[in-house]
Amino acid sequence: MTDTRTPPWPPDSRYLRTGDLVIDLRYRRVCCDGVEVELPQRLFDLLVLLMAEPHTLHGRAELFARLWPGLVVEDANLSQNMWLLRKALGEPRKAWIRTVAKGGYVFEPPGPIEWFAELPAPAEPAAAVAASADTGDSVELPDAVEARPAEESRAPTTVAAIEPGPTPESAIRRSTSAAPRWKRWARPLAWAAAVLAIVAIAGSLLWLRDPTSADTSAGARPLTVALIEVEDRANAARWPVKLLREWLRWKLGSLPEVTLLTEADLAADAETSSPTVVFLSSGTATGDASQVVIRARFHERGEEQRLEVKGPLSQAPALVDTLSHRVMAKLVPARADTWPALALDAAAARRYADAVEAIDRRDWMAAAAISNEVVRQAPNFALARMQLARARSRLAQASSAVEQMQIAIESARPVPAEVGESMRAEALAMDPQRHQQAREAYAKLVARYPEQSNYALQYAQLLSQTGELQQALKRLSAPEWERKPMGTRVTRLLLISEIHQLMGDPERMREYARRAERITREAGAGWELEHGNALLMIAVADTMQYKERADVGQYEQAAKRLEAAGNRTRALYARFLGETTAAPGEDSAARMQTLLAQARAGGYRRLEIDILARAAGQHYNAGDWPGYRKLLEEALMVTRDSGDVLIGNRLAMALLVEDIVGARLDSADERLRQLRKAGLQGRWEIDLAHFDAALSSIHGRYEYAVAVLDGAERALAKLPPGDAGESRARIGCLRAEARLPLGDLQGARSDWLRCSASEQQSNQVSPLVGRARTEWLGGDKEAAAELLGRAQTVLAGLGDSPVASEAAVEIATLLTRTGALAESDRLYQRALPLLRAAQYQWLVASAETGLAENAAARGEWDASRRLSADARAKIPADAWPLISRLSLLDIVAALAADDRPRAAALASELHAKAQRNGDRLTQMELHSLMPYGVVAGDCSRAHRDSMTASTGMRGASLLWSKPKSQQLAAEPALDTLSP
């Protein structure tokens, strides 16, 4: 016993007795009503302490000091151990331990505590030790497998059952068989004798949080079950109990009428829950290490059931299958028969036990690697296939996950219809391309089984993944969630936190993460993984809100917590986030490469993609834009290999921007076509509309671009607020650009105001330049000059970046039209080196076109032609905004050379294209160059006047493009521009 006080019984006492409870102090065994009860060391010490001082109030602090002297132990440990002791003692003995609110515990046995040196009469033969209370019928086991015929009958009610028949060594072995399987995760010594296992899960991995349904639609009796291993880690035959637990957990946890609690759930809700606790154990038979004994013990309808099978260790999987069938027949008899056979041999089962340990830790890299070995050895073992699919899904290996899940579905036949439906829904959820279908499948499951928390959580997550964030929050806000087991409550809090992260709300994200952190910290043992995930969510929320002022050390704190719990996969991700948040150091790149190597070695595709994307961002910030694109392409290749279409779509959108600014319009068109086929929803659909409109404008399809953006604005109004302001601002910017060539100055003015609502400084130049250009076209040169000056002020604060260079090109283009050629040249020359280094050919061609316009305005025709040729070589023939400007320059150059036939031919061709595109601005600029009647298919004089009046674009002239010496000669051709 841990406590060193002298007990009230003499030193030579061997047995204690009160009522029908007898304790053997020498061999540390307990017998209740003639039946031996397995107790781990700490529970045995607790029981002996209570029997030494009955009818005494034991305060919690006192019990901590006596049971865990000198150790720092979570408060929940005592409640957990007291609950398990009561459960082990059974009815009606559990009532002997009374809880005193805010005081402690009192042991109140029905009679005095007696002690004896010898076993008190009446004594029975030692063979009674093996007695069983199983009231079920015996079953015929496979060859080389035998049941306990003598132990399948009711044991006599006698204390003789504790007479030590086995040797002291075997008694010690029986005692150590209760050692905790989670000892490797907890702090040394503090948890050395506890019995609970960690099988609870953190974050949004909902498919491993066991179902919590109480549906009775099929006439089944609602049942709450907890499976507890009593395990000896030193015992070579411990692996069968892991196989039994997982096999039963799958069967029971798949049924909608069963609420399956984890051991951590059971301890956390000890005061309120009353499940059927099934104790599972396995070990070698006494005196014959080649024989394995596998047991299950629980109370069913008030009677203790002790089920046991025994046979050669090589036949352990068959033994497990037989015992699982018997347990199911006792707990859910109507569901006992509709299950596949356990299809694996002993060698595969041994390795599978290692996979189970990795799954319990949520170490998905290890779980995937080991499970892959198992399915190679046992290709028809459906459960291992399913768990391999889940592990690969968590590692963003979506294609492989879906493939494994489909094989699992085929291999798992026969299963109950509800189980098959659930597996098919899970397979859909693993496929990023079928999340909409998965959402519909889970909606049906939720409607049919409203109490099934697993379905409800998965449905809420799918709602969030498909953009229905408010609907997901509504689903998670119902009051009945507070009545669910603790594991479900924690999972819900972390999922709500993730949803607020998607909504860009760090304060609410932190609020729910902190609630989860507090609950899991106070719960103690069994909740280390959830606690680590909650800490990680808090760190992310702080980074979102406080940016560089956030405490980067929080990521390492979360990583250590997760690592201590055995989850190196999540710990690796936490360290990656910490690395990306911290200020760059000399060894940052080396550490990132180490993380990348670890992710690749473990098949952790999602982390590999994130690291590549992060490295791409670093290249972008460092000015290495070709390197940025190369890493994005590499990340996109990984997503294609993994099948993670959602992340692939995000990367494709980033590369679509690169295609556009790089003037790779064929590639951009194809990428846009593929993204359209992806069926994007929510905000991704809005973003796709932005790119569609931008690319359409480049092709001169302005009316289509406006229509697309109108549709995007309508769709945006149906979405939750989130960052709708930025999306609305982008719609305004793009639509204003498309409306100017259409001659819709009023609509453009309204959209430029929407555009200026952006809160990002880098987006402030475009609306100012756009408004200045709009006023210039409308003839208000003073307003245009004022707005242009403000844009130059903002530009001065942007530094050197592609965004600043693009802004410089926009400003320079309008400066040319105001006659400020020198300042325009300076801005173009400032932007060009960076844009050329970035290989942003569209922007380079824009700058070279602007320089060609400046050269033409000065009469430097050779320079203008050379710059025009350079620009034209960088862009495709259908890049209308630049092609039309370069064509106008060709016309100006032909007029300057007095080559009027050429000018007329070029003008006629350009005018026809402008009419097809609905580009009124280009038509009106062309009218300012060419007298009426010269251009083939020219507008009538009345139509020219009408166009000016209807658009209000009195400043749509190319007079600036002619040297002063030529402007007077052209003046007569401009009289038609007056209303």
For this session: Could you tell me whether segment 30-43 includes any residue that is at pLDDT below 85, farther than 20 Å from Pro109 by Cβ and outside any helix (DSSP H, G or I)?
Result: yes
Seminar exercise, completed: Among Leu680, Leu655, Leu688, Leu709, the single one that is in a loop (DSSP other than H, G, I, E, B) and not charged (D, E, K, R) is Leu680
For this session: Check Ser908, Ser801 and return the single one that is modelled with pLDDT of 90 or more and of a type outside the set (A, V, I, L, M).
Result: Ser908
For this session: Examine segment 759-770 for a residue that is touching a residue at least 40 places away in the same chain (Cβ under 8 Å) and over 30 Å from Ala856 (Cα atoms), and state whether such a residue exists.
Result: yes
Problem set entry | Those residues of segment 306-361 which are in contact with an Asp or Glu (Cβ under 6 Å, 6 or more places away or on another chain) and touching a residue at least 40 places away in the same chain (Cβ under 8 Å), in sequence order | Arg306, Leu307, Lys310, Gly311, Lys330, Leu342, Val356
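Results for (1) in the same structural domain as Glu853 (by TED's automatic domain parsing); (2) of a type in the set (A, V, I, L, M); (3) under 23 Å from Thr951 (Cα atoms); (4) surrounded by 21 or more Cβ atoms within 10 Å (Cβ to Cβ), shown as yes or no for each residue.
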site: Gly778; (1), (2), (3), (4): yes, no, yes, no
site: Glu782; (1), (2), (3), (4): yes, no, yes, no
site: Ala785; (1), (2), (3), (4): yes, yes, yes, no
site: Thr793; (1), (2), (3), (4): yes, no, no, no
site: Gly799; (1), (2), (3), (4): yes, no, no, no
Exercise. Quick check: anything in segment 468-478 assigned to a helix (DSSP H, G or I) and either in the same structural domain as Ala226 (by TED's automatic domain parsing) or under 24 Å from Asp363 (Cα atoms) (or both)?
Worked result: no
Seminar exercise, completed: Conditions (1) farther than 24 Å from Met924 by Cβ; (2) part of a helix (DSSP H, G or I) -> Glu759 fails only (2)
Problem set entry | Within segment 494-522, tally of residues that are assigned to a helix (DSSP H, G or I) and over 14 Å from the mean Cα position of the chain (by Cα) | 17
For this session: For Glu810, indicate whether it is assigned to a helix (DSSP H, G or I), farther than 28 Å from Ala622 by Cα and either touching a strand residue (DSSP E or B) at 6+ places or on another chain (Cβ under 8 Å) or not polar (S, T, N, Q) (or both).
Result: no
Problem set entry | Flag for Gly711 being surrounded by fewer than 17 Cβ atoms within 10 Å (Cβ to Cβ) and of a type in the set (Gly, Ala, Ser) | yes
Exercise. Can Asp12 be described as modelled with pLDDT of 80 or more, surrounded by fewer than 20 Cβ atoms within 10 Å (Cβ to Cβ), charged (D, E, K, R) and farther than 29 Å from Ala101 by Cα?
Worked result: yes
Exercise. What are the pairs, 6+ residues apart or on separate chains, where a residue within segment 665-676 that is farther than 20 Å from Trp880 by Cα has its Cβ under 6 Å from a residue that is crowded, with 20+ Cβ neighbours inside 10 Å?
Worked result: Leu675/Ala652; Leu675/Leu688
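The values are calculated or read from the model by the stated rules, or taken from the named source; none is laboratory data. What you see is a predicted model, and the numbers here were worked out from it, not measured in a lab. For neighbour counting, all protein chains shown are included, and Cβ atoms are generated from backbone atoms with ideal geometry for every residue, glycine included.
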